[in-house]
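Enquirer: Attaching a single structure in structure tokens format; questions to follow.
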Amino acid sequence: MNSDSFATAVILAGGSGARMGEGIPDKILHPINGKPLIQYCFEAFSQSATVDSLTIVYRDSAQRDLLEPLVPDSRFSRVDWAEGGAQRQDSVWAGFSAIQPNCPVVLIHDGARPLIDPSTIDRAAVAARNYGAACVARKVVDTLKQIAPASDDGFQLATQDRDQIRAMETPQAFRFQLIRDAYRATIESGKTITDDLSAIEDQHLSVQLIESATPNPKLTQPNDLLWFEHLLNHRAQ
């Protein structure tokens, strides 16, 4: 634990992982190289110079029992736990409710992204402290087309400028009061959002985009596991 650390990380661990199929009941606990996937995530945040505490959002008590031994809690000033909700935004709000009110910066991270690099975490946290909001984002290399249905069951296509498009990843980092107030307004309005930046988009705030120095994919489908194993093996070399 670094005496100069200032941020809290909310780790979302309670997703259903429905696309992984019945053979993998909990994707974040699936072992790769003998270690549950989310343990790599916890270790990355424990090696961060900016993260002081963790808030882990879990699915149910049975999952929490399995997660607790994986957390290197001696590396943090405190580790809090919050039971997640029906939707992602409900789980984020549950995590916020467990955070100390005077927390200056919060990073929100998907537990299914175990390859996040500690230096990228730190860059996002510092940028959020200095500017208000920051997100790890990836440049798009494919040609992107906007589609609209055509009368013959095909589609009308419109090419998008990929230089003006980024794929959002996590962590997404914010001054805590800023994102907490934005989430409260989002929930009260009944709006559904799928990432945290969506909560502040209508405020037209500037967001710092942080490009990860290493791959930072999200485990989504069973076929992803071989790719994750390859990346982790390469990182260990």
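Rule-based calculations on the coordinates, nothing more; no lab input. What you see is a predicted model; the values in this text were computed from it and never measured. So basically every Cβ, Gly included, is an ideal-geometry build from the backbone, and we count neighbours across all protein chains shown.
Enquirer: Order these by the 10 Å Cβ neighbour count, fewest first: TRP81, TRP227.
Expert: In order of increasing Cβ crowding within 10 Å: TRP227, TRP81.
Enquirer: Here is a follow-up. Between THR194 and LYS218, what is the label-to-label distance in nm when each label sits 7 Å out along the Cα-to-Cβ direction?
Expert: Rounded to a tenth, the inter-label distance reads 0.8 nm.
Enquirer: ASN33 to ARG166: extension gain in nm, 0.36 nm per residue of separation minus the Cα-Cα distance?
Expert: Computed gain between ASN33 and ARG166 is 44.8 nm.
Enquirer: A further question on this structure: Positive end of the dipole of the chain, charges at C-beta (+1 Lys, Arg; -1 Asp, Glu), about the Cα centre: which of ALA94, GLY15, CYS41 has its Cα farthest in that direction?
Expert: CYS41
Enquirer: Before rounding to the nearest 500, sum -39500 (n - 2.57) across all DSSP H runs of length at least 4 in the chain and divide by the residue total; then give [θ] at 222 nm in deg cm²/dmol.
Expert: When only DSSP H runs of four or more count, the value is -9000 deg cm²/dmol.
Enquirer: Next question. Classify the range 13-151 from the C-alpha gyration tensor, please: rounded if a/c falls under 1.5, else prolate or oblate depending on whether a/b exceeds b/c.
Expert: Working: a/c = 1.56, a/b = 1.16, b/c = 1.34.
Oblate, because a/c is 1.5 or more while a/b does not exceed b/c.
Enquirer: Let me know the charge dipole size of the range 114-175 about its Cα centre in debye, to the nearest 20, where only the beta-carbon of Lys, Arg (+1) and Asp, Glu (-1) is charged.
Expert: Dipole magnitude for the range 114-175 comes out near 400 debye.
Enquirer: Going by how many other Cβ atoms sit within 10 Å of their own, how do HIS234, HIS30, HIS204, HIS109 line up, fewest first? Display every interim value, and only then the final one.
Expert: Details: HIS234 10, HIS30 18, HIS204 6, HIS109 28.
Starting with the residue having the fewest Cβ neighbours, the order is HIS204, HIS234, HIS30, HIS109.
Enquirer: Then there is this: Need the full-extension length gain, ASP60 to GLN87, defined as separation in residues times 0.36 nm minus the C-alpha distance. One decimal, nm.
Expert: Values: separation 27, 0.36 × 27 = 9.72 nm, distance 1.42 nm.
Residue separation times 0.36 nm, minus the Cα-Cα distance, leaves 8.3 nm.
Enquirer: Continuing with the same structure: Among THR8, THR192, THR55, what is the fewest-to-most ranking by other Cβ atoms within 10 Å?
Expert: Going from sparsest to densest Cβ surroundings: THR192, THR55, THR8.
Enquirer: Quick one: among PRO69, PRO36, PRO149, which has the greatest mean-square fluctuation in a GNM of the chain with alpha-carbon springs under 10 angstrom?
Expert: Largest GNM mean-square fluctuation: PRO149.
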